[in-house]
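Trainee: Here it is, the structure, as structure tokens.
The values are calculated or read from the model by the stated rules, or taken from the named source; none is laboratory data. Note that the structure is predicted; figures quoted are calculated from it, not measured. A quick note on method: Cβ atoms are made from the backbone with ideal geometry, for glycine too, and the neighbour counts reach across all protein chains shown. Note: areas computed on protein heavy atoms with side chains; ligands, DNA, RNA excluded. Shrake-Rupley method; radii C 1.70, N 1.55, O 1.52, S 1.80 Å.
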Amino acid sequence: MSTSASDGPVIIFDVLGTLVDQAGSLHRHVREATGYDDAGVARIVAEWLGYVAERERAIVSGRSTFVPSDVLDAEALERMTAAGVLPARALEPLADASLRLDPWPDTIDALHQFAAEATVMGLSNASRRVLTGLSVHAGLRWHQFLSGEDATTYKPDPRIYRAAIAAVPDEDVPPYLVAAHAWDLRAAAEAGMRTAYVPRPNGDPPMPDDSFDVSAENLGDLHRKLFG
């Protein structure tokens, strides 16, 4: 007997790094905008993502007020331009790079498979603007997505996971969070979600003592493990 999305489980996907290749896509965009070699590109991307991560940590800790991720991206680019790390000519073409991240090869087909049998949601630190852009650019299939903007905080703040749980149709059945980042899954489990780990390049691999509800080789394998 087939399962429809309305009576299947709720599967919530992390987006950046799990469904889309954030680091690899930014490397490509930076290379196209600057013409730099691999070392120069890697430095820019590392500084960009490092700045955003530090600002997110400051917001979660209460040391800074909330601003959405696209504002953090703009701050990072402007700082690197002012410091001479990023050429001024690259600022404009990179301004919307986070909206143009490419999906992993298995993402699109898997999302359509899951959406036929489950309620599919996205949960991301990315802003609503970025998530809308990614949905269009990458062809991501959702029933709903939630941004850090909806909880005015960032992962791994428990409030963002509680906001996701509150948004599911049946709060008595814990949703799954699917992520390539073990730190994300640990925080989700503490908030009461079930967890599914899928490895990706540049993800955060599990520690020896981590235990998730499901571990899969890729999204297709995850679908088989959840639905048979």
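Trainee: Which residue is farthest from His181 (Cα to Cα), if the candidates are limited to segment 200-219 and must be assigned to a strand (DSSP E or B) and not hydroxyl-bearing (Ser, Thr, Tyr)? Break it down into steps so the answer makes sense when it comes.
Mentor: Step one: filter segment 200-219 for residues assigned to a strand (DSSP E or B), giving 204, 214-215.
Next, from what is left, pick out any that are not hydroxyl-bearing (Ser, Thr, Tyr): 204, 214.
Details: Asp204: 4, Val214: 14 Å.
Filtering first and then ranking leaves Val214.
Trainee: I'm checking my understanding of the structure. Among residues of segment 17-44 that are without any contact (Cβ under 8 Å) to a residue 60 or more places away in the chain and crowded, with 20+ Cβ neighbours inside 10 Å, which one is nearest to Thr152 (Cα to Cα)?
Mentor: Selected residue: Ile44.
Trainee: Also, quick follow-up: Within segment 45-63, which residues are of a type outside the set (Lys, Arg) and open to solvent by 40 Å² or more (accessible area, probe 1.4 Å)?
Mentor: Residues satisfying the conditions are Ala46, Glu47, Leu49, Tyr51, Glu54, Val60, Ser61, Gly62.
Trainee: Within segment 161-195, can you find the residues that are at pLDDT 95 or above, surrounded by fewer than 22 Cβ atoms within 10 Å (Cβ to Cβ) and among the acidic types (Asp, Glu)?
Mentor: Glu190
Trainee: Right, here's the next one. Can you pull out every residue in segment 196-209 that is at pLDDT 95 or above and closer than 22 Å to Asp21 by Cα?
Mentor: Within segment 196-209, Ala196, Tyr197, Val198, Pro199, Arg200, Pro201, Gly203, Asp204, Pro205, Pro206 qualify.
Trainee: Say we look at segment 97-116 and pick out the residues that are touching a helix residue (DSSP H, G or I) at 6+ places or on another chain (Cβ under 6 Å) and within 23 Å of Val168 (Cβ to Cβ); which of these is surrounded by the fewest Cβ atoms within 10 Å (Cβ to Cβ)?
Mentor: Within segment 97-116, the subset touching a helix residue (DSSP H, G or I) at 6+ places or on another chain (Cβ under 6 Å) is 97-103, 106, 110, 113.
Those still in the list that are within 23 Å of Val168 (Cβ to Cβ) too: 110, 113.
Values: Ala110: 24, Gln113: 19.
Checking each candidate, the answer is Gln113.
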